[in-house]
Amino acid sequence: LRWPTLEALPMGVNYHDINEDFISTIRIAVTYFSRLSDEQASEALRHHIYQDDDTTRYIKENPAHNLDMRIRGEPTFGLTPYYLDTERLKTYYSKEFGPDSPAVVNVNDWGEDWFIRMDERGTPLTFIPCTTRLRPDGVSIVNTRVVDDVPARSRSTCTHHFLLPQYKSRVSVDYLRIMLPDWKRIEDRVTAILRDAEVTP
């Protein structure tokens, strides 16, 4: 789909050919949980943010991978942000790799902030990791068009995961972080596309 209309590109158009098409494109993948029960499928996003007993020590102790080691922010766009705690991560990497390691020195230049929507039981329904807020977007919106900033820099992105329990599926969507305010519109659009494609036996 192409932002902001959320309509499909015309048949035969390769979004790699034109930069504006490329940076405006929202890429979608749907995974059907054929081997999971309905209950297991409804919990499919939980492993992204909660660690279990089988998780390696590196993951369990790494502040980048644990919800309770992140900085919870005020709700934004209808999502709860959990920001990367870079100072805590520096301390962890200093212990693991030494204080002068690239992981410590460059910690503010990479990493992800998480945006999450949960139900009343604390089950994640939407999970959106995005490039850290400490980096610029790399693009701007000008008259509903996405344009690269000058001088050109890397673009900040999001990978948006959400569940469609009625199809026992997970949807993963990639787009630029500047499009995050439209996350709900994107979910609704993808859901409508799948619903409209249903075939009744």
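The values are calculated or read from the model by the stated rules, or taken from the named source; none is laboratory data. Remember, predicted model here, so these are calculated numbers, not experimental data. When we count neighbours, we look across all protein chains shown, and the Cβ atoms used for this are built from the backbone with ideal geometry, even at glycine.
Name, by its number, the condition in (1) in contact with a Gly (Cβ under 6 Å, 6 or more places away or on another chain); (2) not in a loop (DSSP other than H, G, I, E, B) that does not hold for Ser154.
Result: Ser154 passes all but (2).
Which of the residues belonging to the stretch 55-75 are modelled with pLDDT of 95 or more and either surrounded by fewer than 11 Cβ atoms within 10 Å (Cβ to Cβ) or part of a strand (DSSP E or B) (or both)?
Ile71, Arg72, Glu74
Look at Leu180 and say whether it is modelled with pLDDT of 90 or more and in contact with a helix residue (DSSP H, G or I) (Cβ under 8 Å, 6 or more places away or on another chain).
No: the conditions fail for Leu180.
What helices (runs of 4 or more DSSP H) lie completely within the stretch 10-54 and have 1 or more residues being modelled with pLDDT under 85 and over 25 Å from Thr144 (Cα atoms)?
Ranges flagged: 46-49.
With Asp119, Asp148 as the choices, which residue is acidic (Asp, Glu), under 26 Å from Lys184 (Cα atoms) and surrounded by 13 or more Cβ atoms within 10 Å (Cβ to Cβ)?
Asp148
Inside the stretch 45-76, can you point out the residues that are farther than 15 Å from Leu125 by Cα and in contact (Cβ under 8 Å) with a residue 60 or more places away in the chain?
none
Which one of Glu7, Glu61, Glu74 is of a type in the set (Asp, Glu) and over 19 Å from Lys184 (Cβ atoms)?
Glu61
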